[in-house]
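> The following block contains the structure, expressed as C-alpha cells.
The values are calculated or read from the model by the stated rules, or taken from the named source; none is laboratory data. It should be emphasised that the depicted structure is a prediction, and the values quoted were computed from it without experimental measurement. Cβ sites come from the backbone with ideal geometry, for glycine too, and all protein chains shown count toward neighbours. Keep in mind that these areas ignore ligands, DNA and RNA; they rest on the heavy atoms of the full protein, side chains included. Shrake-Rupley method; radii C 1.70, N 1.55, O 1.52, S 1.80 Å.
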Amino acid sequence: GCSEEASGGGGGGGSEASACAPEDVTLVGQVRNESNPYEASWLDGGDAFAEQVGLEQQRLTYDADSTKQQEQISQLLAGNTDCLVMNILPNGDSDTLPIVEGAQEAGAFLVTQWNKPADVNVADYDQWLSHITYNGVESGKQIGDALAEAIGGSGGIIALQGILDTGAAKDRYAGLEESLEENGDVELLDQQTANFSRDEALSVTKTLLTKHGDKIKGIWAANDDMALGALAALEQAGRDDVAVVGIDAVPDALTAIEDGTMTATVSSDGPWQGGIGLAIGYCVATGELAAEDISDDDRAWFAEQFLITDDNVGDFTSPVVDEADFECDNVFSRSQGAIS
Amino acid sequence: MSLGDAGPPIALVVIIGIFSLLSPDFRTIANLQNVMDAAAVLAVATCGISFVLMMGSIDLSVPGVMGASAIAVALLVANNRNDNDLGLLGVLVAVLLGAALGCLSGMALVSLKVPSFMTTLGVSAVGLGIATLMFSGVQPNISDAMLRGWAVNRFLGLAYLTWIALGCVLVGWLIQRYSRLGRYAYAIGGAEEVLALSGVKVAPYKVAVFTLAGSFYALAGVMVTSQLSAGLVQAGKGYDFAAITAAVVGGTLLTGGRGGVLHSAVGVLLVIVLQNGLVQIGVSPYWQGGVQGLIVVAAVSAAVLPQRRRNQVTK
Amino acid sequence: MTTNLQPHPETDASAPVNALEVRGLVKHYPGVKALDGVDLVVRQNEVLGLAGENGAGKSTLLKALVGLVRPDAGEIWVRGEKVRLRSVVEAADHGIGMVFQEQSLVPNLTAAENIVLGSEGPGVRRGIYRWDTMRKLAQEQLDKIGSHIDPLARTDSLSFAERQMVEIAKVLRIEERTSHPPVIILDEPTSVLESKEIETLFSQVRRLREFASVVFVSHRLDEVLDVCDRVAVLRGGQSVGETPTAGAVPSDLHRLMIGSTGSDDHYHEGLSERSVADSEPRLVVKGMSGKTFRDVDLDVRAGEIVGIVGVHGSGREDVCRALFGAEPTLAGEVTLDGAKLDLSGTRAAVASGIGYVPAERKIEGMVGPMSVADNMTLTKQKSRCAGPMVVPQKQATLVDKWIERLSIRTPHRGTQIGRLSGGNQQKVVLARWLVAGDIRLLLLDHPTRGLDIGARSEVYRLMRELANSGVATVLLADSLEEAIGMSDRIIVMNDGRATKEVACPSGGKPTPLDLVKEMV
Amino acid sequence: MSTPVIADPASNPAAEPAVVKGGPTLGQRVTSFMPVIALVALLTALTIADPDFLTQRSLTAAVRTSAPLVVLAAGATLVVLCGGIDLSIAALCSLSTVLFAMWLPDMGGLTILAVIAAAGAIGAVQGLAHVLLRIPSFVVTLGGLSIFSAIALVISDAGPIRVVDRDSTKWLNLYVAGYVPMSFFVALLVVAVVSLILKLTPLESFVKAIGYSESAARLAGTPVDKVKVAAFTVSGACAGLAAVMLASRNFSGSPTMADNLLLPAVAAIVVGGTAITGGHGSLWRSLAGALVVTLLRVGLPIVGVPSAWEQILYGAIIVAAVALTLDRSKVAIIK
Ligand SMILES: Nc1ncnc2c1ncn2[C@@H]1O[C@H](COP(=O)(O)OP(=O)(O)OP(=O)(O)O)[C@@H](O)[C@H]1O
Ligand SMILES: Nc1ncnc2c1ncn2[C@@H]1O[C@H](COP(=O)(O)OP(=O)(O)OP(=O)(O)O)[C@@H](O)[C@H]1O
Ligand SMILES: [Mg+2]
Ligand SMILES: [Mg+2]
C-alpha cells in the first residue's frame, strides 16, 4: 500500500524544537558555481561568517542546473536536518518553492536570495526565515537613468537582456522601461538576450553595432558580465563614444568605471549576501532570534543598494565584510523595506 | 565535388540572398566583416571537431578544453593575478594544455575502449574542474598587448583573430588532404577494421586526432580570452553543440568518413549568418533559437532530399 | 619482429625449402574447433589450391598465416624458419600477403591509397602525402594486373569487380616489401568476378607462380583444378588429403571434401520432373523503368525459374531490387497473380509473398551480431508468434528444424550469425524466406556466392523443390553455367534493357557462348 | 499459397548433427550485471567517504531524485537502440512542464495523460520527419531542441507557471510499501513494461536489427520506419511523463526546467553499457546508468567533495563506469 511519507522520516516542521547548541549547527551555502567572481565571493563571505562563529560552511554548487540544485537539496534534507541552516541562491523563480517546501517539511532553516515567485508569501512558512533580494526594477531604472544622463538625455540605446525566464532579468528590464518612459528622448533601438554571458554579449553587441551603427549612443546591460562583453565589442569596433551600464558591481566593472570606459553599475554585495543568509539562520537556530519575532517586513526584503558611478566608485573597490552586519540584532540592518 | 557536397554551399548562398533582400543592414560591408569576425572562434573549434567527426567519433570536450585554456592563457600572459608575462609562449602552453586534454580523451578511448562520447564528456568535466581550480575566485584579466591586439587590430578589414581562424582552416585543410594523419582519420571513419587488416595500427592515429582537435579547441579558448580580455571558465560554453551543428550542417556525417574542414567552414558560416541575419531582420529573441533550428533542419533536408534513396540508411 | 631462428628438423640441404609449412595448427572458437591440427605445405613457385566445405576452416587457417588469427597450438614455418606471426605487418615482412574473403578496402579513400595502405613507402614522407608518387606506386601495381582503373578514383565509385582488382593490386605490393619470393594468399577471389575478369586474374596467378607461391581458395572446383598445381583439402578443421591437379576431376575433390561420393552434375538433376509450360504467369512486368533500367518486360510463371544474365551495369540487379520495393520504380506495371503489385517498399513486397536474397550478404543480407534464430525469423513473424507475442519454444523448434533441413553448421541457434562461415550464413538468409512457407516469388541475387559445392547443390535442390511447389523464381546466377543449368528461361539484359529471351528447357540448353554473344 | 516441401535431412549426405549446447556463457552473464556492479561500487565508495550517506532516508531521496532521469533515459534508450539519437528529450520535457502547468487548471487529473500524449505526438512528428525526409536523427532532434525551447519560452511568456492544484499529482509523492517513492516506482514500471513489450514481441529483434544494420533489416522486410517512429514516440511520451514528475516536484512548469538533463540522460544510457551506435543494450541498463549518474550528481557534493574536484571526479568516474559496463563482444568497433 501507499503511505504519505518514507518511514523513519525526518524532523517535521518543528520551529518550537529546542534551540541548537552553536557547535551542532550545520551551515550550507549554495550558489550556481564557483567559476564566476560574484558567486565565489558569496561563498567566501559565507566562510567568513562561519569562521566568525567557529563553524565551517559546506559549499555547494550546481552548475546553474535547476534539476541538480533540487537533487542536491533533497539529498541534503534527507540527512540530519535538525540544526541545518541553508543560505540558497535558487537558480530561477520556479526553483524556490520546492526548496522551501522541502526545508519546511524537514525542519531546516532556510534563507533564499534573488529569486522568488512574486505570489509566494514567505510568512506562510515557519522554516523559511527570510528572502533577500535587490530591487531589480529599481536597479534597472537607476542605470537606465544614469545611461540617459550620460548620453545627454537623448539618442539611441540598445538593451542586453539576461536569461529570459528569470525574475531578475524581467525586473531589470521593467526598470529600463520605466526609465525610458521618463526619458522620452531616449530611444530603445533594439533589445536582445545575451543570457547574462560575457561571451554572448560580445557577439550580440557586435551585430547590433553593425545594424544600428552610429545611432547607438548607449548600451544598457542587465548585468556587468554582459556590460563587459559589450565593452569588448566596442573596443573591437573602435568605438569609444558609447556609454555602457550594468548591474552587480563585479570588480572588473568597478575598474572599468574607474577607467572611465563604463558609466554606471549597481552594487550587489556578494560577501555580505553569503554571510547574511547564514547569519539569520544561525541566530534562529541557536535561539538568539525567535522566528516569530521577525517582523513580516523582514521576511522578504530588499537589501540596500547603491548606484555606482565614477563619483563614488572608490568606496566600493575593496569591499570588506563587516562582522557587525552579522550580529543577531543587526541582521536586518540593510533592509530597504519589504518586497511589495 | 559531388552534388551532395554542393548542398550546404548552395544553402549558404540562398540564405545570404534572402537576408540581403530582407534587410539592408545585413548586406553592408561592415556586417560582412562582422559575420567573419563572429565566425572566427567557432571556425577554429569546428576545425578541430571535424577531424574527430570524420573518424566517426564524437567530441563533447570542447567546453572543458576551451575553459581550461582560456584561464591558463589568462594566467600566463600579463594579467592582474600574477606577474607572469610569457606572451606567445603562454599561448603555446595553453594550446599544449588543450592538446594534453585531447590526448587524454584519445587515450581513454583506445586503451579503456570507452566510446568517445563518454571519454570526451568526462574530459570536459575534468577540464572545467581544472579551470575552476586555476580560477580560484578571482577573475584573471589580461593586459598583454599582443593578445588583446588580436581582437582589436585589423588587417584588410578583418580582425587578426579572423585571419588566425582562416589560417586554421587552411592548415586543417592541408592536414586533411596532405597528411597521413588526416587521410587516416578519414579512412578510420570509412572502414576502421580494414585499416587493421592492412597492418595499420589505428590507435595512435586516433589519439593523435583527439590531440590535434584538443589543440584547436585550446586555440579557440585563447581567442575567446583575447576577445574578452579575460579568462573565463565558461569560455567554451555552448561551443560543443555549436561546433557539431556547424559540422553537420556543412555536410559532415556523424557516422564518419565524409565531410571535412572545408565543409565545416561552410557550416560555420551558415550558422553564424543565420544568427546574425535573424538579429538583423529583427526576429524576436524568444523565437530566434526556434527559427534557427527550423532553418537548420530545412537546410539539411534540402541538401539530402535530392540524393535520397529507397534503402538509404539514416541514423 | 620476432623471428625464432631454428634449423628445420627435417631440412635436407639438397631439397628445396618449402615456402611455407604449417604443422598441427589448432584454433578454438567458443563452441567450434575451427582448426583441429591442420598440416599444410606450400612449395616454392607453386599454386596450391585449398578446398573444403563451408566452415571447414580455410579462412581461419589463412588468417593465421597472416597473423590475424592467433592459433592456440601448432607451428608455422616460413622458408625453413619457425615464425610467430602477430600482425599483418609481420606477415608481410615475411613475404606473406592475403586478399580477404570479405572485401577489405576503405570505401572513401582512393584506389591508390588503398593499394599502398599501411606500406606507403615513398608515397608518404614525414607524414606528408606525396600524391604523385602515391599514384605512380599504385599505377605500377595496377599495371601488373593490366587494370585500367584510375588510381585516384574513390574506391566506392568502383564496381565490385574493380574493387576486387584493387585488392589484388594491393596484395602484390608484397613483392616490393621482401627480397624473398612472396607467398600470396587469395581467399575466394573469384566469387564476385565475371568470367572475363577471372581470366585476367588467372593469368596474373600464373605470372605470380614464376617468382612466388600462391594459395588459392575457391568453391568452384573446376577453377581450382584449372589454375592450381596441387590441391589440399580441409574437412572439419583437419587436413584430409591432397592431390595433384593433373588428371584430377572435380568429383575427386568433392569426394575428399565431404568424405563420400557426391554427384558432380549439380545443375541438371531432376530437371525432367518439372513442367511449367502450362501454368499461369505469376509475375507479369510490363514496361518497368527505374534509374538504371528502362522498359523491362518480364513474366515468370508459377514454378518457373527465370535467369537474368548481363554484364556489369546491365541493370539486372536493380530490376530485382525494384521488384522487391528496395529501389524506386519510375514507370511500368507489375502484377503478381493478377493483382497489381505494390512497389512502394520492402514491407509491401514481403506482404505480397515476395522474398529477396541480396548479393552483399554481410551488409544487406544479415544482421551480424544477432543470433541465427533471430536472423532466420526476422521476416516471418507469424512463424514464431502467437498473436503479437513471440513464443520462444515455437521459434526454437522451427529454427532447429531448418538448421537441420539445410544442414546449417552452427554450434547453436543462439550463436551470432556473424560467427558462421559464409556459406552457412547464406543458408540462414535463404531459410528466412522459407520458414513461413507462404512465399510466391523469390528473387535470388547471386544466391550461391561463396557457397561450397555441397551447399550449392543443396541450394539448387532447394530452388527446384520450391519451384516444384509453385514458387516463381528470378535468378541472378553466379556464373553463366549456373544460369543455364538452373533456369527454365533466360532473359539477357543489356544496358538497362531486356534485349533477348532465350528458352532454356531441360535437354535444349544454350551454351554459355550463345549467351555471351547476346550480352555484349 | 504454396508450401514448399524440402527433402528430409536423412537423404542428405552432407548433413551432420548441427545443434550442440549454447546460450550465454558465464562471462557474458557477468557482463550483463556490470551496470549493477558499477552502481554498488559507487555506493560503497560514497559510503566510505561519508558513512552517513548510506541511510534509508538518503537512499530513498536519491532514487526519488533519479525518477525523471530514469524515465527520460529509458525513452531515449529505444531511439539509441535503433541506431539514432534523441537530443530533444530535455527540451521537450521542459516544454511539457509548461504545458502541464498551463493545462492543469482546465483539465485537472486528465492533464497527466494529455501531456504524455502531446509529448508522444511531438516525438512521433520528429520520428516521421526523420524517416520520411531521411534527415539524420541528430539533426532532426537538434532542430526539435531549439524549436521546443522557443515554443516553451513563448507560451510561458518566459517565466515559470505555478502548479496551484497539487492534488492531481499528489500521488507521485506517496511511497510504495513505505519505502519506495511513487515516482521511482512509476519509473520502474515504465522500464519494466517497455522492456517486457520488447522481450515478448518481435519488437526487440526489430529494434536490434535496425540498430545493428538498418539496410539488412529493411531488406528482410522489417517495418523499419514504423519501429523508428514508434521509438521516437515512446521517447517523447517518456519526456512527457518525466515532465509530470518534475512539475509535481517543483510545483511549477518552466521553459528551461529540464534543459540540463540532456547530457545526464545520454550519459546514463552510455554508462549503462548501451552502445551509442545502436543495436546492443537495454532499458534496464539505462536504469542502472541513471542511478549511477544521479549518485554522482548529488553524492559527490553532499559527501563534501569541493566543486572543482567534483567535476574532475565526475569526469573520471563516468569514464571508468563505461569502461566497466560496456560489453565489447557485442560492439565490434568503439568509436
Ligand atoms: N570469429 C569467429 N568466432 C567464432 N567462430 C568462428 C569465427 N571465425 C570462424 N569461426 C568458425 O570457425 C569455423 C571455420 O570458419 P572459416 O571461416 O575458416 O570457414 P571457411 O572454410 O573459410 O568457410 P567458407 O568457405 O564458408 O568461407 C566455422 O565453423 C566458423 O563458424
Ligand atoms: N545506365 C547506367 N547508368 C549509370 N549507372 C548504371 C547504369 N546501369 C547500371 N549502373 C550502375 O552500375 C552498377 C552495376 O549495375 P548492376 O549491379 O545492376 O549490374 P549487374 O549486371 O547486376 O552486375 P553483376 O553481374 O555484378 O550482378 C549499379 O550500381 C548501377 O547503379
Ligand atoms: Mg572462408
Ligand atoms: Mg550484380
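> Once the Cβ-Cβ distance between A:A290 and D:F33 is put in as r, and R0 is 51 Å, what FRET efficiency do you end up with, to the nearest 0.05?
With R0 = 51 Å, the Cβ-Cβ based efficiency is 0.40.
> Do the alpha carbons of any pairs in B:K206/C:K27; A:K170/A:K217; A:K206/B:K206; C:K427/D:K208; A:K141/A:K211 sit beyond 27 Å of each other, and which pairs?
B:K206/C:K27; A:K206/B:K206
> Could you pull the Cα extents of the stretch C:358-439 along its three principal axes, largest to smallest, in whole Å?
33, 25, 22
> Now, a different point. State the volume of the convex hull built on the alpha-carbon positions of the stretch B:106-213, expressed per residue in Å³ and rounded to an integer. Intermediate results must be reported in sequence, preceding the final value.
Numbers: hull volume 15.2 nm³, N = 108.
Roughly 141 Å³ of hull volume per residue.
> Multiply the residue separation of C:D226 and C:K362 by 0.36 nm, subtract the distance between their alpha-carbon atoms, and state the gained length in nm to one decimal.
Answer, rounded to one decimal: 46.1 nm.
> I'd like the distance between the alpha-carbon centres of the stretch A:131-173 and the stretch C:388-430, rounded to an integer number of Å.
72
> Over the Cα atoms of the protein assembly as shown, how large are the radius of gyration and the largest Cα-Cα distance (Dmax), in Å?
Taking only Cα atoms of the protein assembly as shown, I get Rg and Dmax of 36.1, 115 Å.
> Taking the alpha-carbon centroid of each part, what is the distance from the stretch D:73-99 to the stretch A:208-284 in angstrom?
After rounding, the separation between the Cα centres reads 38 Å.
> Please identify every one of the GluC sites (Glu not before Pro) in the stretch C:148-240 that sits in a loop by DSSP and has no more than 14 other beta carbons within 10 Å of its own beta carbon.
Numbers: sites: C:E162, C:E167, C:E175, C:E176, C:E194, C:E197, C:E199, C:E210, C:E223; in loops: C:E194, C:E210.
Answer in residue order: C:E210.
> Convex hull over the alpha-carbon atoms of the stretch D:27-325: what's its volume per residue in Å³?
Looking at the stretch D:27-325, the number lands at 137 Å³ per residue.
> Of the beta bridges DSSP finds with both residues in the protein assembly as shown, what % are antiparallel, to the nearest 5?
Expressed as a percentage, antiparallel bridges in the protein assembly as shown total about 45.
> Give me the Kirkwood hydrodynamic radius of chain A, using the inverse of the mean 1/r over all pairs of distinct Cα atoms, in Å to one decimal. Walk me through the numbers before you get to the answer.
Values: mean 1/r = 0.0483 Å⁻¹.
Radius from the Kirkwood sum: 20.7 Å.
> Then there's this: Spelling out what I want: for every residue of the stretch A:127-142, take phi, set θ = phi - 60°, compute 6.51 cos²θ - 1.76 cosθ + 1.60 (Karplus), and round to whole Hz; glycine and proline get x.
8, 8, 6, 6, 10, 10, 8, 9, 6, x, 4, 4, 5, x, 6, 4
> For Cα pairs less than 8 Å apart in space and 6+ apart in sequence, what is the mean separation divided by the residue count of chain C, i.e. the relative contact order in percent?
15
> On to the next question. What is the P(r) of chain B, as percent of Cα-Cα pairs per 10 Å bin from 0?
Final binned percentages: 7, 27, 33, 24, 8, 1, 0.
> Using a 1.4 angstrom probe and counting only protein chains, how large is the accessible area of C:E120 in Å², to 10?
Accessible surface of C:E120 is approximately 10 Å².
> Could you report the accessible area of D:S156 in Å², rounded to 10, computed with a 1.4 Å probe on the protein chains as they sit in the structure?
10
> Within chain B, which DSSP H helices have Cα atoms that stretch 20 Å or more along the helix axis and a mean Kyte-Doolittle hydropathy of at least 1.0?
B:3-22, B:29-54, B:62-76, B:88-112, B:116-135, B:160-178, B:202-228, B:261-280, B:285-304
> Another question, if that's okay. Given a Förster radius of 51 Å and the C-beta distance between B:L158 and D:T47 as r, what FRET efficiency does 1/(1 + (r/R0)^6) yield to the nearest 0.05?
On the way: r = 58 Å, r/R0 = 1.13.
Once the sixth-power term is evaluated, E becomes 0.30.
> Given a Förster distance of 25 Å, report the FRET efficiency between C:H148 and C:E210 from their Cβ-Cβ distance, rounded to the nearest 0.05.
Between C:H148 and C:E210 the formula returns 0.60.
> If you don't mind, another one. Would you calculate a helix-derived [θ] at 222 nm for the protein assembly as shown, using -39,500 (n - 2.57) for each DSSP H run of n ≥ 4 and dividing by the full residue count, to the nearest 500? Write down the numbers at each step before the final one.
On the way: 51 runs with 728 residues, N = 1510.
Mean residue ellipticity, 222 nm, calculated: -15500 deg cm²/dmol.
> Report which residues of the stretch C:452-466 become buried by 10 Å² or more of accessible surface when going from the isolated chain to the complete set of protein chains (1.4 Å probe; DNA, RNA and ligands ignored).
Buried-area filter returns C:E458, C:R461, C:L462, C:E465, C:L466.
> With a point put 7 Å past each Cα toward its Cβ, work out how far A:A174 is from A:Q52 in nm, to one decimal.
In this crude spin-label approximation the distance works out to 3.2 nm.
> What are the ³J(HN,Hα) couplings of the stretch D:43-60, residue after residue, when phi is run through the Karplus curve with 6.51, -1.76, 1.60 and θ = phi - 60°? Round to Hz, x for glycine and proline.
These are the phi-based 3J(HN,Hα) values: 4, 4, 4, 5, 5, 5, 5, 8, x, 5, 5, 8, 10, 4, 5, 5, 5, 4 Hz.
> Tell me the chymotrypsin sites (Phe, Trp or Tyr not before Pro) within the stretch B:80-151 that lie in a loop according to DSSP and have at most 15 other beta-carbon atoms within 10 Å.
Filter output for the stretch B:80-151: empty list.
> Mind pulling the angle between the C-alpha long axis of helix D:203-212 and the longest principal axis of chain D? Nearest 10 degrees, somewhere in 0 to 90.
80
> How much length would be gained if the chain were fully extended between C:R43 and C:S469, taking 0.36 nm per residue of separation minus their Cα-Cα distance, in nm to one decimal? Walk me through the intermediate numbers first.
Details: separation 426, 0.36 × 426 = 153.36 nm, distance 5.04 nm.
Extra length available between C:R43 and C:S469 comes to 148.3 nm.
> Sticking with this structure for a sec: Please give the charge dipole size of the protein assembly as shown, origin at the Cα centre, charges +1 on K and R Cβ atoms and -1 on D and E Cβ atoms. Round to the nearest 20 debye. Write out the running numbers ahead of the final one.
Numbers: 113 positive and 157 negative charges, 1580 e Å.
Once rounded to the nearest 20, the dipole reads 7580 debye.
> Quick one: if you stick a label point 7 Å off each Cα along the C-beta vector at D:I197 and A:H212, how many nm between them?
5.2
> On to the next question. Distance between Cα centroids, the stretch C:30-104 to the stretch D:256-312: provide it in whole Å.
46
> Additional query: Counting only other chains, what is the mean number of Cβ atoms within 10 angstrom of the Cβ of each residue in peptide A:50-62?
Partner Cβ neighbours, averaged per residue: 2.
> At D:Q56 and C:T335, where each label point lies 7 Å from the Cα along Cα→Cβ, what is the point-to-point distance in nanometres?
Inter-label distance under the simple model: 7.6 nm.
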